[in-house]
Structures are given as structure tokens and as C-alpha cells.
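There's a structure below that I have some questions on.
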Amino acid sequence: MVSRLMQKFDPADIFISTGSRYRAIIGRQLPEIANENIIIEPEMRDVGPAVGLLTAIFSKVDPDESMAILWGDHIIKDDALFHQMLAAADSIVEKRDDSIVFLAHHPRFANQNLGWIEFSQEKLGMEGNFPYHALSSFQYRPEKKLVEQYTTDGHHAWNLGYFVTKPRFLWAQFKKHAPTLYDALLRIQAAYGTLAYGSILNEIYPQLPKISFDSAVLEKISPTHGVVMVADIGWSDLGAWEALKEALQQSERDNVTKGDVVLDGVNNSLVFDYQGKKLVVGIDLDDMLVVNTEDVLLISKKSSASKIKKIVEGFKGTNYEDLT
């Protein structure tokens, strides 16, 4: 994502939010990004606190400069269209500074493992070549019957989790809808830019509640503040195995393989062998995920991939906690 952004943006305007264990790696991989632009989360507390920390900092440093929240583990095949989409969203929030512009993608298939966003069928307006619509609602991983309907009804799209807004506005939404989180982040904000920042951050941040950004803020914001822009930028979420399969395949019935793999009678499956110590053979499988690593052998229906996160979370406090 960073290399994609650096095609159009100055490195000084790119910030990276990450865990402390990755700081040195990012420094080596991205020397163009200044150290102060790497925002460290001392401990993983889910996306609500992570976005809150960024918002607290940006609203202190430059509350009226547009901010875009983007995620690093995604494929985007049409960089030029993505840049145009960001510019259009920025233009909208310059005119509507009490809004959040959500970037969405026309669904390619009925993906049950993504968030979906509903928007009005009527346009609010045009910005450049992009129509934009009023936000209606969010749905996270809807049931299969619904996603099949959403894929073709013309007013639902994949929610990329990307948005553009003003820090001042989003900070006010934290205060209104997540006051406990806001109060804790306010103490961190006050220390930002001082010598006490590191110690205050390490003291307070690990105590923040683990809560998603959607649950903390987004689902509570009035839809009147939401704008949805939909385009086809060739997006895939590589944070999920079934999404990786979809991104790499040429057609839905294709198999996607890696490593020492032999398949017979297998369709629409991803089979990856990272271990390299033995041959992986699949026979008469359909719609499967098979991932063989040094630590874990995963075997799952693609349609059940959403359960993987819950299983991994259940390892805490067990002999498998090091896999979380």
C-alpha cells in the first residue's frame, strides 16, 4: 500500500500504524517514512483503539487536514483509478467537513466473509467521474441468502474499510459514541509531542478496551454523515485465505497452489504447502482450503473460513497460545 501511495503522495504525508514488534522491520523496508510517522501500538487492542490513536494525534496536529484510513494487506490492481477515487473523496470532505466518505467496491461475487455497505439508489452528486450516494447501513458477514441478494440489487457493495474524513469530525464522533475510549485517548493526545508521550502511551494503551472500530464508532454515526463512493479498482482482501484464492485465480473453478502439491479431481480450491518436507496430495475435493505450514495444517471449506479467526482466538490460555 505504501509504494502505491508514494506514486501520488509525499512520504511526509504517509503514516503507518503498527505494533511495536514491527517497528524495526518497517524502518528497514520503508526508509522514506520518517520515524515520527510510524505510530506504534504498544499492544494489539483491535481496530477501534488503533484508529482512535491516529485520530487523537491527527486532530491535535492538523484537525482540518483530510485523513484517509487504508489497510496494508490488500491487493489493488487499478492504482490510477484508486488515486482518482481518493482525490474525489478528498474533494467531497472539503465541501462536507462533517462527513465520512466510504470507499466501496462493486461485488464480483457473493462473498459472505466480507463487510457490506448499503447505500441509496439515488445519487447525492458527482465528483469528477465518481457518483456518490448516501449511506444507509453496514452489514458484517451477512448470511449467504442475503449476500446473494446484495450482489445483484445495485445498492450494496463490498465495504473496503477505507474512508476519508476530517480528524476534527472523527474525533468528535469518538467523544460522542465511545466516551470511555475517548477519555483514555485524550490523555495520550495531551502527551503527544512531549517527552512523556512514550511512557503515557505504554501506560494507557494496553488498558484500552478491545473493540472494533465499527462497534465503537461507525455503527453509531448518523447515516446523514455518511457518503458512499463505489468503483471497480480490482480490490481483494488478502487477510483471508479465500480472498487470496479469488485474487489469484483466473476463473472460479481454478485451483490455486503453492509448493509440493499434486491434485486429482480437485476444483475451486486453494492448496498451499509452506513446509516443503512432504508432498501434499488432494483427491476429489471441492471448494476447499488446505494450508500446510511448520506449525499448523489447516483444512477447511472455503465457506467456513470466517470461523478461523474464532478458533485462533480460542487458543489463548492454551498450549497453542503462541499461534495467536
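The values are calculated or read from the model by the stated rules, or taken from the named source; none is laboratory data. Everything numeric here is computed off the predicted structure, so don't read it as measured data. Backbone-built Cβ (ideal geometry, glycine too); neighbour counts: all protein chains shown.
Hey, which of the strands (runs of 3 or more DSSP E) in segment 195-302, taking only ones fully inside, have at least 1 residues that are within 20 Å of Leu114 (Cα to Cα) and of a type in the set (Gly, Ala, Ser)?
226-231, 235-237, 297-301
Just one of (1) surrounded by 15 or more Cβ atoms within 10 Å (Cβ to Cβ); (2) of a type in the set (Gly, Ala, Ser); (3) in the same structural domain as Met288 (by TED's automatic domain parsing) trips up Ser251, so point out which.
Going through (1) surrounded by 15 or more Cβ atoms within 10 Å (Cβ to Cβ); (2) of a type in the set (Gly, Ala, Ser); (3) in the same structural domain as Met288 (by TED's automatic domain parsing) one by one, Ser251 breaks only (1).
Right, here's the next one. Considering only residues that are at pLDDT below 90 and surrounded by fewer than 16 Cβ atoms within 10 Å (Cβ to Cβ), which ones fall in segment 130-145?
Tyr140, Arg141, Glu143, Lys144, Lys145
Just name the residue that is modelled with the lowest pLDDT out of those in segment 146-193 that are closer than 15 Å to Val101 by Cα and hydroxyl-bearing (Ser, Thr, Tyr).
Ranking the candidates gives Tyr162 first.
Is it fair to say Leu103 is surrounded by 19 or more Cβ atoms within 10 Å (Cβ to Cβ), in contact with a helix residue (DSSP H, G or I) (Cβ under 8 Å, 6 or more places away or on another chain), modelled with pLDDT of 95 or more and closer than 20 Å to Trp235 by Cα? Steps first, answer last, please.
Working: surrounded by 19 or more Cβ atoms within 10 Å (Cβ to Cβ): yes; in contact with a helix residue (DSSP H, G or I) (Cβ under 8 Å, 6 or more places away or on another chain): yes; modelled with pLDDT of 95 or more: yes; closer than 20 Å to Trp235 by Cα: yes.
So Leu103 passes the test.
Among the residues in segment 33-54, are any part of a helix (DSSP H, G or I), within 28 Å of Gly128 (Cα to Cα) and outside the structural domain of Gln207 (by TED's automatic domain parsing)?
Applying the first criterion (part of a helix (DSSP H, G or I)) to segment 33-54 yields 35-37, 47-54.
Those left that are additionally within 28 Å of Gly128 (Cα to Cα): none.
No, segment 33-54 contains no residue that is part of a helix (DSSP H, G or I), within 28 Å of Gly128 (Cα to Cα) and outside the structural domain of Gln207 (by TED's automatic domain parsing).
From the residues in segment 225-275 that are among the polar types (S, T, N, Q) and in contact (Cβ under 8 Å) with a residue 12 or more places away in the chain, which one is nearest to Phe109 (Cα to Cα)?
Quick first cut of segment 225-275, residues among the polar types (S, T, N, Q) only: 236, 249-251, 255, 257, 267-269, 275.
Now restrict to residues that are in contact (Cβ under 8 Å) with a residue 12 or more places away in the chain: 236, 255, 257, 267-269, 275.
Working: Ser236: 12, Asn255: 17, Thr257: 21, Asn267: 17, Asn268: 14, Ser269: 16, Gln275: 32 Å.
Among those residues, the one meeting the criterion is Ser236.
Hey, among the residues in segment 210-260 that are of a type in the set (D, E, K, R) and under 30 Å from Lys176 (Cβ atoms), which one's nearest to the chain's Cα centre (by Cα)?
Looking only at segment 210-260, we keep the residues that are of a type in the set (D, E, K, R), and these are 210, 214, 219-220, 232, 237, 242, 245-246, 252-254, 258, 260.
Of the ones still in play, those that are also under 30 Å from Lys176 (Cβ atoms) are 210, 214, 219-220, 237.
Values: Lys210: 16, Asp214: 11, Glu219: 16, Lys220: 19, Asp237: 8 Å.
Applying the filter and picking the extreme gives Asp237.
Let me ask something else about it. Look through Asp237, Asp232 and report the one residue that is in contact with an Asp or Glu (Cβ under 9 Å, 6 or more places away or on another chain) and either surrounded by 21 or more Cβ atoms within 10 Å (Cβ to Cβ) or among the β-branched types (Val, Ile, Thr) (or both).
Asp237
Hey, can you tell me all the residues within segment 188-207 that are touching a helix residue (DSSP H, G or I) at 6+ places or on another chain (Cβ under 6 Å) and either surrounded by fewer than 16 Cβ atoms within 10 Å (Cβ to Cβ) or touching a residue at least 40 places away in the same chain (Cβ under 8 Å) (or both)?
Within segment 188-207, Ile188, Gln189, Tyr192, Tyr197, Leu201 meet the criteria.
Please indicate, with yes or no, whether at least one residue in segment 264-276 is surrounded by 14 or more Cβ atoms within 10 Å (Cβ to Cβ) and closer than 29 Å to Ser136 by Cβ.
no
Of (1) touching a Phe, Trp or Tyr at 6+ places or on another chain (Cβ under 8 Å); (2) in contact (Cβ under 8 Å) with a residue 60 or more places away in the chain; (3) under 30 Å from Thr180 (Cα atoms), Ile39 satisfies all except one. Which?
(2)
Which condition number in (1) within 15 Å of Leu297 (Cα to Cα); (2) of a type in the set (Asp, Glu); (3) surrounded by 20 or more Cβ atoms within 10 Å (Cβ to Cβ) is the one that Asp260 fails?
Against the list (1) within 15 Å of Leu297 (Cα to Cα); (2) of a type in the set (Asp, Glu); (3) surrounded by 20 or more Cβ atoms within 10 Å (Cβ to Cβ), Asp260 comes up short only on (3).
Would you say Leu285 is out of contact with any helix residue (DSSP H, G or I) (no Cβ under 7 Å at 6 or more places or on another chain) and either hydrophobic (A, V, I, L, M, F, W, C) or surrounded by fewer than 15 Cβ atoms within 10 Å (Cβ to Cβ) (or both)?
In short, yes.
Got a sec? Which strands (runs of 3 or more DSSP E) wholly within segment 90-184 have at least 2 residues that are without any contact (Cβ under 8 Å) to a residue 40 or more places away in the chain and assigned by TED's automatic domain parsing to the domain that holds Ser66?
115-127
What number goes with the only condition from (1) farther than 23 Å from Leu238 by Cα; (2) buried (at least 17 other Cβ atoms within 10 Å of the Cβ); (3) assigned by TED's automatic domain parsing to the domain that holds Thr180 that Gln84 does not pass?
Status for Gln84: all satisfied but (1).
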